[in-house]
Amino acid sequence: MKKKLKSLLHKGASLAANTDLARKKILAALNRSRLARYGEVQHLELDLEAREIHVALRLYGEAEALKLTLQRYAILGEEPHFALRFEALEADREWVTRLAADFLVGRDLAIPEEYAAHAAWLQRLL
């Protein structure tokens with residue numbers, strides 16, 4: 001795990017630089033994940049202080065990207081089994097906000113083991 005975590009981050013780099021690097025790696029990983037079947041994540045922003053994740057997801061067949069904000073998130077578990085849980089989700093489409101409230105909010109969403117290094121790094125920052 002330590003080797004994977006070290007390869008994810010640049011030794012001696014600032015928190016902002018490492019956060020940006022992690023964001024880019026997570027963005028690339030998301031675009032290779034199950035989400036690839038539905039669209040492409042165009043933007044990902046991690047707000048560590050506010051505990052928010054801002055996402056713009058371009059769904060196939062849609063003219064405009066879907067904008068999501070995952071609020072009060074946590075990375076739970078330990079290597080190699082991590083999960084993401086968030087306590088609220090706001091979307092720029094009301095039906096998506098309602099759907100998320102019914103099926104996603106407050107539930108543990110498994111993070112694939114191949115992304116354990118990313119999850120461990122974020123967990124340490126929270």
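The values are calculated or read from the model by the stated rules, or taken from the named source; none is laboratory data. Bear in mind the structure is a predicted one, so any value in this text is a computation, not a measurement. Positions of Cβ are generated from backbone atoms using ideal geometry, with glycine treated the same way; all protein chains shown enter the neighbour counts.
One table, with the values for the structure above:
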item	result
Subset of the range 22-43 (residues that are surrounded by 13 or more Cβ atoms within 10 Å (Cβ to Cβ) and within 18 Å of Leu109 (Cα to Cα))	Ile26, Leu27, Ala29, Leu30, Asn31, Ser33, Leu35, Tyr38, Val41
Any hit, the range 77-89, residues being assigned to a helix (DSSP H, G or I) and surrounded by fewer than 17 Cβ atoms within 10 Å (Cβ to Cβ)	no
Selected residue [modelled with pLDDT of 90 or more, out of contact with any Leu (no Cβ under 8 Å at 6 or more places or on another chain) and part of a helix (DSSP H, G or I)] from Arg72, Arg98	Arg98
Tally of residues being surrounded by 12 or more Cβ atoms within 10 Å (Cβ to Cβ), assigned to a helix (DSSP H, G or I) and either aromatic (Phe, Trp, Tyr) or at pLDDT 95 or above (or both) across the range 101-126	3
Selected residue (criterion: modelled with the highest pLDDT) from residues of the range 1-60 that are under 12 Å from the mean Cα position of the chain (by Cα) and in a loop (DSSP other than H, G, I, E, B)	Arg51
